[in-house]
């Protein structure tokens, strides 16, 4: 699904430039964008429903923006950019017409803007023409993410087909067939693979990857992962370098060693070449607990207020100004002794709080008059589909004990988690007895 979505974006852009500007794409390039700031000379934001792409940012360089203004009959209102955006959106929706998608041009800015990216499956596609460059920036969900958002049984069916029946209770997968089936599971679900590229100083740089296909290198089976190991600032591994990889499935972390074989590319139907890397097949897979603390889902609505600590974030994704503390409301999704996952409407959380920033977290439990307040540090910040037509922001925070007395709140949280665990254990015992 992810590859099809990238292909659809590329084809829609090529067709839009041809239809609107009579421009032929002379070259195209895709890059995986890490967390940071991306600058655009002009920017259009497209919001879509009923399509894997919930939001696409479309931009042009100065040369193409000027060309659009020259072609426009009403250059003062930015209609040249509007026409290109409308045409691109129309062609893109045609690629997913079986889902009856709908889309709108949400915002248009003809002045230079800076877009803050979270680097969560974030792709930038650049199309080159003789009149300048056109860009797309989008976060593309995986098949696994869409299945979770829809609440479907796709992932459980894939587990039952490709993973051993007792894999949850196993410590490893050592059988060759079991490892090969695990690889097939990753390819079919488009599961995220986290890679640790070792550095000379003993540290490691983190990368994310997606299994595109299995292939052969020098008559040996190999994995082709959609990832970018070409940035010298992050360290380019030498062939044969051992890279640690991990995959999260439910509450389990599956870890394995890979040997880096070299760079590669994967070409789509549109001619777009994706940056990839080749790795050897893992000889075995180790299975462990994914989290240090057991996490329980929170039923009902527990409102959460987050207040940033001064200097720990940005005021918005469109600004480089220092963060001004403000209270953002969200909902508690799950809870553990050591942290929590909080969700809110798209752009509410991730745009205001950055990874590794500190926040004051106030949780309003229904049976307690006053909210419990704890200090936390943001360990994860992502956006994902909430249902078929909407996205939501999620942040994961790790609790800190501050000198001002968070211990009472943490004691309550521990009791809350233990009570939920007892209830779930009692339900399992009842089912077993029946």
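Screening residue 73 against (1) at pLDDT below 85; (2) outside any loop (DSSP other than H, G, I, E, B); (3) farther than 30 Å from residue 381 by Cα leaves a single unmet condition, (2). Taking the criterion of being outside any strand (DSSP E or B) and without any contact (Cβ under 8 Å) to a residue 40 or more places away in the chain, the residues of the stretch 211-233 that qualify are 218, 219, 231, 232, 233.
Of all positions in the stretch 348-361, none carries a residue that is surrounded by 18 or more Cβ atoms within 10 Å (Cβ to Cβ), in a helix (DSSP H, G or I) and modelled with pLDDT under 80.
Residue under question is residue 102, and the condition is that it be over 21 Å from the mean Cα position of the chain (by Cα) and under 13 Å from residue 53 (Cα atoms); does it hold? Spelling it out, residue 102 is indeed over 21 Å from the mean Cα position of the chain (by Cα) and under 13 Å from residue 53 (Cα atoms). Can you tell me which of 216, 190, 196 is loosely packed, with under 15 Cβ neighbours inside 10 Å and within 30 Å of residue 125 (Cβ to Cβ)? On inspection, the qualifying residue turns out to be 216. In the stretch 234-261, the residue that is surrounded by the most Cβ atoms within 10 Å (Cβ to Cβ) out of those that are free of Cβ contacts under 8 Å to residues at least 24 places away in the same chain and farther than 14 Å from residue 204 by Cβ is 259. On inspection, residue 172 fails the criterion of being free of Cβ contacts under 8 Å to residues at least 24 places away in the same chain and over 26 Å from residue 27 (Cα atoms).
When the stretch 298-334 is examined, which residues are found to be modelled with pLDDT of 50 or more and either at positive phi or loosely packed, with under 13 Cβ neighbours inside 10 Å (or both)? Within the stretch 298-334, 299, 300, 301, 326, 327 meet the criteria.
Just one of (1) more than 30 Å from residue 100 (Cβ to Cβ); (2) out of contact with any strand residue (DSSP E or B) (no Cβ under 8 Å at 6 or more places or on another chain); (3) in a loop (DSSP other than H, G, I, E, B); (4) at pLDDT below 70 fails for residue 370. It is (4). Name the residues in the stretch 127-148 that are in contact with a strand residue (DSSP E or B) (Cβ under 8 Å, 6 or more places away or on another chain), closer than 21 Å to residue 5 by Cα and buried (at least 18 other Cβ atoms within 10 Å of the Cβ), would you? 127, 133, 134, 135, 136, 137, 138, 139, 140, 141, 145, 146, listed by residue number.
The values are calculated or read from the model by the stated rules, or taken from the named source; none is laboratory data. Please read these numbers as outputs of a predicted model, since none were measured by experiment. As a convention, Cβ positions derive from the backbone with ideal geometry for all residues, glycine included, and neighbour counts pool all protein chains shown.
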